[in-house]
Amino acid sequence: MKALCLLLFLSSTSLLIAQSPGTRNIFIITIDGVRWQEIFTGADTGLIHDPRFVSDTSLLQDVYGGDSPERRREKLLPFFWQVIARKGQLSGNRLYQNKVNVSNFYKISYPGYNEIFTGYADPRPVLNSPKPNNNINVLEYLNTQEEYRGRVAAFCSWDILPYVLNETRNSLPINGGYESVEEADSASVVINQVQKNVQVRNHCRYDALTFVAAKEYIQREHPRVLVLGLGETDEFAHQKKYDLYLQQLTAIDKMISDIWYLVQTDPFYRNNTSFIITTDHGRGRKPTAWYAHNLFVKGSGETWQAMIGAGIPAAGELRENGQIFQKQLAATIAALAGKRFISNHAAAEALVLSGQPLAVVSAGIDTGTDMARK
Ligand SMILES: [Zn+2]
């Protein structure tokens, strides 16, 4: 009888294990300083005809123009609108009063990435400088969990992001700026050779190099949590080059499409991987301010989020009146991993991902958002 009970216990346990979805993989992709306006309405019909911001207005009209926001956004971001909109979901179309905002006061990059990864809109002023972040982030939290230990990595174009994520504290493999990659195979040797030959190096590495380095690492190491931080969109916008800002956005859409394809054709990742795609801040709304962003420029706190994959309902473009916040992502990333984010500071609640995910748990104090400041 005892043996029978044990047998029953064992079989029911193995049944549970067989039914459990297994450890989920989570990829977080950030695209620096991309406005919700381009995500949801495509190329701005005013800006693409403005010779102050575009070198060849008629050519840009051919490539990105269109009669409707739907047509223009699909030209600009085919993966977002042909795949994510059907199999995932997109938040932040303010034309439907569907809002995503940052909660930090500053509306620049360091505070934005801090908010995404720590769930905390730190009120202390941190300019975009190489200062190690005191706030514990969700990546290092997941790295303390058995299923994720040693399986967390980040590749980012911006050389300050490793400080936001405090790689000196957590020793995670975080590769930023023109930092060499580990020469673990012939491809990474070539990547380093190319990087050394880049003549003009600023704070932001070419996104194409960040992408290739991340892609090689994914195939070789199979990380369970991966950050891909892309940055040239913000660079081109600050240079007031709207044409190059759009081109880079399309290039990044293709990079995300390629990584999604890679993931969905790899048995390790297939149907067990979630993508979260977002930005660190918005930019100005007006034609005279689209290129700028900070606490004085209206619209800089307005952002967006896109998600696809395991655990993400296929709700498409969300058109409900609602409000979510950037700081909810840290706990959401942990929740997708089946964990509760524990840190050394207060963190906002995870998003409630249902078919209608804008029904949100209280988001805590939201000082400094555009909403609160109105
Ligand atoms: Zn930024």
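The values are calculated or read from the model by the stated rules, or taken from the named source; none is laboratory data. All figures in this text were calculated on a predicted structure; none of them were measured in a lab. Here the Cβ is made from the backbone with ideal geometry for all residues, glycine too, and neighbour counts use every protein chain on show.
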Inset, instruction - For Ala335, state whether it is outside any loop (DSSP other than H, G, I, E, B) and buried (at least 17 other Cβ atoms within 10 Å of the Cβ). - result: yes
Legend entry - Top-ranked residue in the stretch 149-184 [being among the β-branched types (Val, Ile, Thr) and within 16 Å of the ligand (Cβ to nearest atom); ranked as surrounded by the fewest Cβ atoms within 10 Å (Cβ to Cβ)]: Ile160
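Listed here are the residues, each with its yes/no results for (1) part of a loop (DSSP other than H, G, I, E, B); (2) away from the ligand (no atom under 16 Å from the Cβ).
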position: Phe79; (1), (2): no, yes
position: Val83; (1), (2): no, yes
position: Gln89; (1), (2): no, yes
position: Asn104; (1), (2): yes, no
position: Lys107; (1), (2): yes, no
position: Tyr120; (1), (2): yes, yes
position: Pro130; (1), (2): yes, no
position: Glu147; (1), (2): yes, yes
Inset, instruction - Name the one entry in Pro267, Pro223 that is touching a residue at least 60 places away in the same chain (Cβ under 8 Å) and either surrounded by fewer than 18 Cβ atoms within 10 Å (Cβ to Cβ) or more than 16 Å from the ligand (Cβ to nearest atom) (or both). - result: Pro223
Inset, instruction - Kindly indicate whether Val100 is more than 21 Å from His238 (Cβ to Cβ), aliphatic (A, V, I, L, M), assigned to a helix (DSSP H, G or I) and modelled with pLDDT of 95 or more. - result: no
Inset, instruction - Give the residues of the stretch 261-280 that are in a helix (DSSP H, G or I) and either among the polar types (S, T, N, Q) or closer than 25 Å to Gly112 by Cα (or both), sorted by residue number. - result: Gln264
Legend entry - Hey, Asn202 touching a residue at least 12 places away in the same chain (Cβ under 8 Å) and away from the ligand (no atom under 16 Å from the Cβ) or not: no
Inset, instruction - Read through the list (1) away from the ligand (no atom under 14 Å from the Cβ); (2) in contact (Cβ under 8 Å) with a residue 12 or more places away in the chain; (3) assigned to a helix (DSSP H, G or I); (4) closer than 21 Å to Ala214 by Cβ, then give the number of the only condition that Gln248 fails. - result: (1)
